[in-house]
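Right, one structure below, let's go through it.
The values are calculated or read from the model by the stated rules, or taken from the named source; none is laboratory data. Predicted model only: the values in this text are computed from it and were never measured. With ideal geometry, Cβ positions are generated from the backbone for all residues, glycine too; neighbour counts draw on all protein chains shown.
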Amino acid sequence: MEFLQYFSAVLTPASLLFLGIGTIGGLILGATPGLSPTMAVALLIPFTFRMDPAQGLILLGAAYTSSVAGGAVSAILLKIPGAPANIATALDGYEMAKKGQAAKALQMCFVSSAIGGVIGILVLIFLTPLLAAWALGFGPSHLFWIAILGVTIIGTLDARSVVKGLLSGAMGLWIATIGYDSIQGVERFTFTEHLDGGVNVIAALIGLFAIPQIIEMLEGGRTRKTIEVLAVERHSIWASTREVFSKLRALGIGSVVGTIIGLIPGAGGQIAGIVSYDQTRKFSPNRDRFGKGESEGVVAAESANNAMVGPSLVPLLTLSVPGSPTAAVLLGGLLIHGIFPGPDLFSKHAAVAWTFIDSMLIGQILMMVFGLYIARLAARVVLIPPAILAPAILVLAVFGSFAVQHSLSDVFVMLTLGLGMYFLEKVGFSAAPMVLGIILGPIAESNYVQGRIIAEAGDGIFAYFFTGGLNIALIALCLASVAYSVAMEVRQRRLARIEGGAP
Amino acid sequence: MSDQRPAASGLQQIVPAGLVVALALWVTWVSFAVDDPEPYLFPRLVSLVLLALSVALLVRALTGKTLTGAGLDGRTLKNVAPAIAVTLLYVFVLADLVGFYAASTAAFFTLVTLYDPAPHDEIETWLKRLAVTVGFMAVIAVLFTLVLKVQVPRGVLF
């Protein structure tokens, strides 16, 4: 029960202020279509640079949690999910709003998000120290394979093409080697002076996640889109809360599915929401009403996508393997404060780690309270035209990437990577595996080098890296994630061929 | 994340695949053509993986088996080209030359003007765009200069 000791650190005026700012900001950013939670958190990182590490992480954690829930606002009022995690919410939420039940749908969404979120954070609280204690015995070969596993899983699950996903991850691993080698100080791949210091992780995160979205916002040119925001009428919050608790089946399925999917690196909120929605529909006696404004659908989807948030941080905090792209960005936030997550996080930085986790628990309640009251305002944010939003994010990205090290080179790197990723995304590549490669590259390299030294003094490299139960299990997981994704890709291609689609 | 429609043409798959193969070849060559291999042990490993995957991608692109991604059509490219040009000019030339704030103000105002669907022949819309630019840049100045104390390049203007 160590986590109970650190609640007092969250309840200080400064921490509560950052928690409030992160929650409100996350709700508004999450409600804005085109701004993903990942990008929202990436843009916030430079602002935390001068903060106390715990407070900086409180801000980022609150923004992460509430931006996932905030995405439901535009899903319900516009049928435009603010983030992929809210796709399933739009199915029934929008139909409810069309029937004049927008307030009820929003209220049920925030209440079920908070319940799912609290369950997810409790799993994080109780599972993380156990896993961290177990992982304390890991050697360099295990940590090397874990880093490779992180890149492999995100590379295969997050991409539409296994080869492109893995290639994106491998490019990230290569980018991580640019600059001075950490052991001998030799310059590697620095074909321009701007790369002398290597590629800054935060600049890369901002570039890879923000720049492609900025350009995508402007793809429509000067066309004016007429967006109709459905009206939010008055509705009793208590009546909605009672109705959420009457949907125990949806709440249970959502929370369990979200928690399990959150623990699987790479799966993410989109899968959690859709799987939970689908399972709840199958078990519901009212399955015919799903898709036509059934509140059970909203409860299932929203409890799942927020229950996913806490468990997605378990592999991050214990093994340094982010469970989702947003968790990868949070890892960037930890790194700039000199906090390196891993098995010894809870012994070396217990205060920061527990304060961060406790703040996420309190953040769930704040998110529900603020969400219920500012949903109306958040819905108005979607009316900000892309012609203003895109330049605003661009300027923020430029200032943010400069602010980290006061280096213009970081801005150049940020823009180059971002523009490159825009074109790569158009041909099916994805930013998340590359980001994972950049973040996990140094972990993989340092453990590979250490492992080689140990291996050369012992039974040799093959025996060190490829034998032993844990090594074999980790290699098998890497291969299984690739094999599974290849099988899914082949199956999808076959289905498309049957339907007369793409070959 | 872009949508999942099939890519527009095979050429849009072949060209990037070819570029990635070229990058992989360069990384492999640099990693193996060094006197002291120690700093390049890990890059060598990565370069071989990169090379194998990029060749696999090129083969798939040439045989028409990789069709993921929405592709880029002429109209989209025409729409985004001005934004990309302004952004490149802003970051690579103006930011250091005229100063971060001057360059950002100019880039913000230019992009808003280029993509604002409101008519360009009405004084009110110009004033509105100007007001939004000044307001936003004021917020940025307060945030970065006063709150975060970030010293940005000044250049010849500000």
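When you check B:G155 against the structure, is it among the small types (G, A, S), more than 7 Å from chain A (Cβ to nearest Cβ), out of contact with any Pro (no Cβ under 7 Å at 6 or more places or on another chain) and touching a residue at least 40 places away in the same chain (Cβ under 8 Å), yes or no?
Criteria met by B:G155.
Scan the stretch A:169-190 residue by residue and report those that are assigned to a helix (DSSP H, G or I) and farther than 16 Å from A:V201 by Cβ.
Of everything in the stretch A:169-190, just one residue is assigned to a helix (DSSP H, G or I) and farther than 16 Å from A:V201 by Cβ, namely A:A170.
Could you check the stretch A:447-459 and list, in sequence order, the residues that are at pLDDT below 90 and among the small types (G, A, S)?
If the condition is that a residue be at pLDDT below 90 and among the small types (G, A, S), then A:A457, A:G458 are the ones that fit.
Please work out which one of (1) closer than 21 Å to A:S324 by Cα; (2) in contact with a helix residue (DSSP H, G or I) (Cβ under 6 Å, 6 or more places away or on another chain) is the condition A:L424 fails and give its number.
(2)
Taking the condition over 20 Å from A:V244 (Cα atoms), at pLDDT 85 or above and of a type in the set (S, T, N, Q), does A:T48 pass?
yes
Within the stretch A:405-426, track down each residue that is assigned to a loop (DSSP other than H, G, I, E, B) and more than 10 Å from chain B (Cβ to nearest Cβ).
A:S407
Any idea which of B:L41, B:L58, B:L48, B:L25 is at the interface with chain A (Cβ under 8 Å from one of its Cβ atoms) and either surrounded by fewer than 24 Cβ atoms within 10 Å (Cβ to Cβ) or not in a loop (DSSP other than H, G, I, E, B) (or both)?
B:L41
Test A:F402 against the criterion of being part of a helix (DSSP H, G or I), of a type in the set (F, W, Y) and more than 7 Å from chain B (Cβ to nearest Cβ), and give yes or no.
So A:F402 does not fit the description; no.
If you check A:I453 against the conditions, is it away from chain B (no Cβ under 14 Å), of a type in the set (V, I, T) and in a helix (DSSP H, G or I)?
No, not satisfied.
Can you pull out the helices (runs of 4 or more DSSP H) entirely within the stretch A:30-120 that have at least 2 residues that are within 30 Å of A:S8 (Cα to Cα)?
Filter on the stretch A:30-120 gives A:37-48, A:53-78.
Considering (1) in a loop (DSSP other than H, G, I, E, B); (2) more than 11 Å from every other protein chain (Cβ to nearest Cβ), say which one A:I384 fails and leave the rest.
A:I384 satisfies all of (1) in a loop (DSSP other than H, G, I, E, B); (2) more than 11 Å from every other protein chain (Cβ to nearest Cβ) except (2).
From (1) exposed (fewer than 15 other Cβ atoms within 10 Å of the Cβ); (2) within 20 Å of A:L173 (Cβ to Cβ), pick out the condition that doesn't hold for A:P442.
(1)
Say whether the condition of being more than 10 Å from chain B (Cβ to nearest Cβ), closer than 20 Å to B:V20 by Cα, at pLDDT 85 or above and surrounded by fewer than 20 Cβ atoms within 10 Å (Cβ to Cβ) is met by at least one residue in the stretch A:176-192.
yes
For residues that are surrounded by 14 or more Cβ atoms within 10 Å (Cβ to Cβ) and more than 8 Å from chain A (Cβ to nearest Cβ), scanning just the stretch B:65-89, find the one that is nearest to A:M217 (Cα to Cα).
By that ranking, first place goes to B:P82.
Is it true that B:A70 is of a type in the set (A, V, I, L, M, F, W, C) and either modelled with pLDDT of 90 or more or in contact with a Gly (Cβ under 6 Å, 6 or more places away or on another chain) (or both)?
Judged against the criteria, B:A70 is not a match.
Scan the stretch A:430-444 residue by residue and report those that are under 18 Å from the mean Cα position of the chain (by Cα) and facing chain B (nearest Cβ under 10 Å).
Hits for the stretch A:430-444 are A:S430, A:A431, A:A432, A:G437.
Filter the stretch B:96-143 for residues that are at the interface with chain A (Cβ under 10 Å from one of its Cβ atoms) and among the polar types (S, T, N, Q) and give the result.
If the condition is that a residue be at the interface with chain A (Cβ under 10 Å from one of its Cβ atoms) and among the polar types (S, T, N, Q), then B:S104, B:T105, B:T110, B:T113, B:T133 are the ones that fit.
Test B:T66 against the criterion of being hydroxyl-bearing (S, T, Y), within 27 Å of the chain's Cα centre (by Cα) and part of a loop (DSSP other than H, G, I, E, B), and give yes or no.
The answer is yes for B:T66.
Give me the residue from the stretch A:18-45 that is β-branched (V, I, T) and at pLDDT below 85 and, out of that set, surrounded by the most Cβ atoms within 10 Å (Cβ to Cβ).
The qualifying residue surrounded by the most Cβ atoms within 10 Å (Cβ to Cβ) is A:T38.
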